[in-house]
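Please treat every number below as a calculation from the coordinates, not as lab data. Note that the structure is predicted; figures quoted are calculated from it, not measured. Every residue, glycine as well, gets a Cβ built from its backbone with ideal geometry; the counts of neighbours run over all protein chains shown.
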Amino acid sequence: MALAPMAGITDSAFRHICRENGADVVYTEMISIDALHYNSQKTLKMLEFDKKEKPVVIQLFGKRPELVVKAMEKVNKAGFDGVDLNFGCPAKKVAGHGGGVALLRNLDLSYELVRAVCENTDLPVSVKTRTSIKLKNSQEKITVLDFIEKINDLSVKALMLHGRSYEQGFQGEVDWTMLRKAREKFSGVFIANGGIDSPEKAKEILTKVKSDGLGLGRGVYGRPWLFSQIKDYLKKGQYSEPDLKKIKKTVLQQAQYAYKNKGDHGLVELRKHLCWYFRGFSGAAKMRSRLVRVESIKELKQILKNI
């Protein structure tokens, strides 16, 4: 059970919380190869993590193999347990500039990028991608099967596959057929990802795809205990929902981690998580109006006390 990499979400505080709630491995936010190469202090700060989060996989994105050597020098010293390459991000600011999932349109460049990382680290290398992407101004598709075949001779240990195409984004049905085909074609550890928002859905994917594991993404927004719920369901056929006391405790723990790591700015970044935790609650709209303005642990404790 892996916490999938998500920009602006899987920072140290949330990784910490997910490990405490059953995640077996956690991935960082996307970290720029270019920024590491050029010694961006903000990006170098993203290499820091708490030992209690381990095992931690760093996810890198970029499209310039020539910058990998210097970037990997920093990654290798940071103490991560693995390196993941992003070939799946559909965001315009990434894919629109030829990175993320758009790299699938250029399999030769994709190969060189993966090879450069493999050649410059002793850490296990993995890839996260999507089922397919259309070529520009064409209905022809490049699929994950083409990608797997292209990198077949490289030492890629794991593949996390989001079961939707670039064009689908985060909407629509997951492509079970493509997930199964990719699982059969890839010889390493195969992790299914996309649309996993309940223990029942998790079991369905594991049954249909026979993946080695699951990568949970948007399904854990405000629900980090989904990891342990899935494990309970697979083991015992049932699971329980957290009570209000558990939710409040988890929220406060994440806030404390966020403040410890990033100070006041950490609490600002936490606000979206606070709203997710209390989705569906009675009076949620009024509650959110207070949560999105939280500026201190003391203030948060007072709001939690009144819920």
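Points to keep in mind about this one:
- Relative contact order of segment 244-305, pairs being alpha-carbon contacts under 8 Å that are 6 or more residues apart, as %: 35 percent
- The convex hull around the C-alpha trace of the chain, projected and averaged over every direction, spans 15.9 square nanometres.
- When the listed pairs K150/K203; K210/K231; K77/K128 are checked against a 27 Å cut-off, the alpha-carbon distance exceeds it for K150/K203.
- Sites L154 and L234 - FRET efficiency at Förster radius 30 Å, r taken between beta-carbons, to 0.05: 0.40
- At most 11 other Cβ within 10 Å, DSSP loop - GluC sites (Glu not before Pro), segment 106-160: E140
- Of the GluC sites (Glu not before Pro) in segment 19-62, those whose Cβ has at most 14 other Cβ within 10 Å and which sit in DSSP loop: E48
- An oblate overall shape is assigned to segment 96-206, the ratio a/c of its alpha-carbon gyration tensor axes (a ≥ b ≥ c) being 1.5 or greater and a/b not exceeding b/c.
- Anisotropy class of segment 178-307 from Cα gyration tensor, a/c 1.5 cut: prolate
- Degrees, to the nearest 10: 68-78 long Cα axis against longest axis of the chain: 40 degrees
- Of the GluC sites (Glu not before Pro) found in segment 198-307, those in coil by DSSP whose Cβ has at most 15 other Cβ atoms within 10 Å are E295.
- Exposed-site-free run, longest, the chain (rule: chymotrypsin sites (Phe, Trp or Tyr not before Pro); DSSP loop; at most 15 other C-beta within 10 Å): 39-169
- Anisotropy class assigned to segment 1-107 is oblate, per the alpha carbon gyration tensor with a/c at or over the 1.5 cut-off and a/b no larger than b/c.
- Longest stretch of the chain clear of exposed loop sites (trypsin sites (Lys or Arg not before Pro), DSSP loop, at most 16 other Cβ atoms within 10 Å, sites excluded): 1-135.
- Amide N of segment 103-135 lying under 20 Å from the label point, which is placed 7 angstrom from the Cα of K141 along Cα→Cβ: 103-108, 128-135
- 0 to 90° range, to nearest 10: angle between helix 226-236 axis and the chain longest Cα axis: 80 degrees
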